[in-house]
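To keep things clear, I will list the structure first and then write my remarks on it.
Just so you know, all these numbers are worked out from the coordinates, no wet-lab data involved. These numbers were taken from a predicted model, which means no experiment stands behind them. Cβ coordinates were reconstructed from backbone atoms using ideal geometry, including for glycine residues, and neighbour counts include every protein chain displayed.
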Amino acid sequence: MTAPRTIHFTLNGAAVAATVMPHQSLVELLRERFDLFGARESCGQGLCGCCTVLVDGRAVSSCLYLAAFVDGAGVTTVEHLAADGDLDPVQEAFIETGAFQCGFCTPGFVLMTKQLLDEIPDPSDDDIRHYLSGNLCRCGAYPEIVAAVKLAARRQRGA
Amino acid sequence: MSDATRVSSGQIGRSLPRVEARAKVTGAAEYIHNLRLPGMLYGKICRSTVPHGRILRIDASAAAAIPGVHRIVTAEDIRTVIAEPYYGPAFHDQPILAEGKVRHVGEPVAVVLATDPHIAEEAAQAIVVEYAPLPAVFDEIEAMNSAAIVHDILKPAGTFPDLKHLAGRSGTNVALDFHLRRGDTERAFAAAEHIFEHSFRTQQVMHTPLEPHVSLADAADGGVTIHSATQTPSFVRIEIARLLGWPENRVRVKTAFLGGGFGAKVYVKLEALAVALSLLARRPVKLALTMEEQFFTISKHASTFRIKSAVDGHGHITARQCQVFYNGGAYADIGPRVAQKSGFTATGPYDIPNVAIDSYEIYTNRPPAGALRGFGVPQLVWAYESHTDLIARALGRDPVEFRRRNLLRDGAPQATGTVMRDAAISAVLDRLAARLAWDQPFDRGAGTLKRGRGLAIGFKASISPTTSVATVAIAADGSCILYCGTVDMGQGSTTAMAQIAAEALGIEAEAVRVVAPDTDVTPYDMGTLGSRSLFHMGNAVRLAAQDARDKLAALAAETGVPPGANLPISEQFRRKYGMQAGTIVGAGSYIPAYAPPDSATGLTPNATPFWMVGGAGAEVEIDTETGRVRVLRLVNVADAGTPINPGIVETQLTGAAIMQLGFTLFEEMQFTDGQLRNPSLAEYKIPGIRDMPDRIEAETVDSAQQSGPYGAKGVGETGTFAVSPAIANAIEDAVGVRISELPITAEAVYRALRRAAGDQLEDL
Ligand code: FES
Ligand code: FES
């Protein structure tokens, strides 16, 4: 399994360094080395979105993203959103609309919604379906998730 | 926490967000998935590559030589720590690791232990197993009379007295046969004006919880602690204690929140293996399955249902015959219970005087099947509600009117002879028809896009008799802790139980802390399954909280608090103990009445403590050029008694309906010669946001379960019951073809359209 190497990156706003193996995935690194459990490995194939994190502001499936690739990048996990103790408006909207049941998929949906609203502040139904089509929720909370996205969008626009 | 504010009531019917909502949106919620223990080893499983075969040789030398491998474990090693390593809730038929032979592809044969999961995985793949193939059988009907026998001898577990007669039987794949006879079906068929006979099938599907199965075992100091994503901590404790020959108090089972369960995580799954591995390695061991491995672990029964009805000249169903065959796969799991309990309701929610039901659980060489959100009932409703619609159409009767005419009403005996009570079947049908505006004209589409609508209604007998126990502790500052073993896998039980306890105590639900299941701490509970918890545990929690409330009243009297005086609880404790000290413990235990079915007739005066009723209506659009089915609108109406938390009930109903939508339209475990072709989310598709109907609605009818806690009853499965037949009925309404096998893919519809046009496509 060849040689480890040391990488430097920004994790949730702080400069960090880690020694990683070439085969090591980002989700593994976050969990094993940094005790960040918000990103979870479920399908391990880039198909469910449970492992979603933001790399330089873009959502990626961290189960397929090699840890070595974040060298020099900025990584944001769900834990960062409420780091100051206050929930992000997206998180609040998920609570208010009841947009989850077991909650296993929730961090992934929250982060994907963050990216959606960053790029499209007033998303249409189709935009929502497009952005969230890579996230799966086996509990079937989709109707409430759509409602959450719309609520968060309204709040953020101040409408 | 200071004294909880005392309020008279108001906790029931409150849609407060889940108590753990913040932890779930911040990613902080605890799942066993996240757990690591100091000194822990990872286990990776080497699985069978043949569906049925004798194990000739296991060569682990190459695997053992990989640096970092701690140990390779086979069945022989397991026997050194567990003398009789077979488990299962209904039959002790499942080996912890395959012994002598394998019975399905993906069966665990050996395990590699290593500190690095990647090394364990690499080594597991390096194990070479040689098999001598045996004849295998995969279809439930063929398995009824097959030369291929999955188990040489049947080994019922003894947990269920009605399986005893199967002990020691050989030469059969029938793991349970349940028979019910009421009235005189033969005579009724002879006298019938019309006779209808159909056959329906369902496919094997998988629960697909997004948190895959995971268990850790830590055996030390003559005891073992098991951390497991399980829906049944008490059962796991009892079963592991039995396997080890230890008292229950040396086995501790802990869970956290589950990332979905749906019946996948009931009874023993990985726990026995994890315990054996930890005993062998003398270190904690973690077994965490991949998504792929879940497909080989547990699934939902494929089934065949032959149904035949007699109808008189007034449109009354006078007799119904049901033959149901459940494909249980290689190990019984809870399948025999599925076959029997669902058998109770196989004739549907109709008042039919003459019924005959034969329900079979059958071993085959497929991965095992167990309980999946409905305990066999969605398979039944699929058949009897498709059948009922076919009859109504053939007789030229409106499907709603025909159902109404035959509906089972409170006060009438159901197939088992049990008199119906608190089952709002009529109300569900009425609300469904009203929501769909059934008596109004309907837009039938145009051109190649044809529209149709359909509905269906199903019901289920809750699992019985089962026990739940709860305790409530009031601390000296008046704050309250609830100890209950119900596992929250997303259904919101933590919140609902807090609401029930709070209601009984006259405080706010937010003031109750609910302890996560831990068999060293939380009392016995039969399990979080079959929509039983809100009713059974809810009753136990209410009793426990009332007991605590009575003891508080006694404390008030003892400390001289005049009735009506609003003295804080903390002050009462202080008066009694002279300082902030003491605990009041309230206990509650609940087991409903039940009468087992007569072994000859299958009849019982008391089949269940409560009935669940679920109806669904669908509006669909079919592209006649491709067969594609678009569900435009999906309506679910349920009898959930009096909802404790209406918001959560609604998400349970729509969530269940969405899951069933996947089982209806596309999900299917596909096999070639017993080899599963699609064990991954890449090829086994579950519903995504794009599969949502344009409109999805849920409603609960006004009703109350008199024996339930504050009128409530279970609802976790109800939303699944009627979705599939509602869609098939809508498809026939739209394009005039009948699909009798799930899933209803575009290909199936297109083939049916071509067949109907007399232009049949060749089979592939
Ligand atoms: S675990 Fe990464 S996408 Fe499913
Ligand atoms: S809330 Fe359970 S998977 Fe989405």
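Numerical summary
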item	result
Cα convex hull of region A:89-157, projected area averaged across orientations, nm²	3.8
Per-q log10 I(q)/I(0), region B:94-213, q = 0.16, 0.18, 0.21, 0.23 Å⁻¹ (Debye; single scatterer per alpha-carbon; no solvent)	-1.14, -1.25, -1.33, -1.37
For the protein assembly as shown, the spread of Cα positions along each principal axis, largest first, Å	79, 79, 61
Average Cα contact separation per residue, region A:89-157, under 8 Å, 6 or more apart, as relative contact order %	54
Square roots of 5 times each gyration tensor eigenvalue, C-alpha, chain A, largest first, Å	28, 16, 13
Length added when fully stretched, B:SER599-B:GLU76, from 0.36 nm per residue minus Cα-Cα	184.3 nm
Residues B:PHE200, A:PHE69, A:PHE109, sorted so that the one with the fewest Cβ neighbours within 10 Å comes first	A:PHE69, B:PHE200, A:PHE109
Note, ³J(HN,Hα) from phi for region B:685-700, Karplus 6.51, -1.76, 1.60, rounded to Hz, x at Gly and Pro	8, 10, x, x, 5, 6, 8, 5, x, 4, 10, 9, 9, 9, 8, 10
Expected-Rg normalisation [2.2 N^0.38 Å, Cα atoms] applied to region A:5-80	0.96
Averaged over A:38-46, number of beta-carbon atoms from partner chains that fall within 10 Å	6
Convex hull volume per residue in cubic angstrom - Cα atoms of region B:273-331	139
Estimated FRET transfer efficiency (B:LEU764, B:ALA587; beta-carbon r; R0 60 Å; 0.05)	0.45
Length-normalised contact order of region B:576-726 in % [C-alpha pairs under 8 Å, at least 6 apart]	31
Protection proxy ranking, peptides B:700-707, B:352-359, average beta carbon neighbours within 10 Å, highest first	B:352-359, B:700-707
Among A:139-150, B:16-27, B:79-90, the order from most to least packed when residues are scored by Cβ within 10 Å on average	A:139-150, B:16-27, B:79-90
Net dipole in debye of the protein assembly as shown [+1 Lys, Arg Cβ; -1 Asp, Glu Cβ; about Cα centre; nearest 20]	1040
Residue-span extension gain [B:ILE141 to B:ARG282] - 0.36 nm each, minus C-alpha spacing	46.2 nm
Mean projection area, nm², convex hull over Cα of chain B	34.4
Förster radius 35 Å - calculated FRET efficiency between A:THR19 and B:ALA64, Cβ distance, rounded to 0.05	0.80
Average partner coverage of B:678-691, which counts Cβ from other chains inside 10 Å	5
0 to 90° range, to nearest 10: angle between helix A:106-119 axis and chain A longest Cα axis	70
For B:117-126, mean number of other protein chain Cβ atoms within 10 Å	1
Near-label residues of region B:483-514 by backbone N, under 12 Å of a point 7 Å along Cα→Cβ of B:GLU558	none
Amide H contacts under 5 Å for B:LEU408, placed H, 5+ residues apart	B:TYR350, B:ASP351
Relative contact order (%) - chain B, alpha-carbon pairs under 8 angstrom, separation at least six	16
B:GLY714 long-range amide H proximity, modeled H, under 5 Å	B:PHE535
Distance in nm between pseudo-label sites at B:ASP221 and B:LYS551 (7 Å out along the Cβ direction from Cα)	2.7
Highest to lowest packing among B:110-118, B:323-331, scored as the average C-beta count within 10 Å	B:323-331, B:110-118
Residues listed by number, region B:570-596, amide nitrogen under 20 Å from B:VAL515 label point at 7 Å toward C-beta	B:581-590
Sites A:ASP84 and A:GLN156 - FRET efficiency at Förster radius 22 Å, r taken between beta-carbons, to 0.05	0.80
20 °C / 1.002 mPa s Stokes-Einstein diffusion coefficient of region B:467-563, Kirkwood radius on C-alpha pairs, µm²/s	158
In nm, spacing of pseudo-spin labels at B:GLU197 and B:LEU449 (7 Å Cα→C-beta vector)	4.2
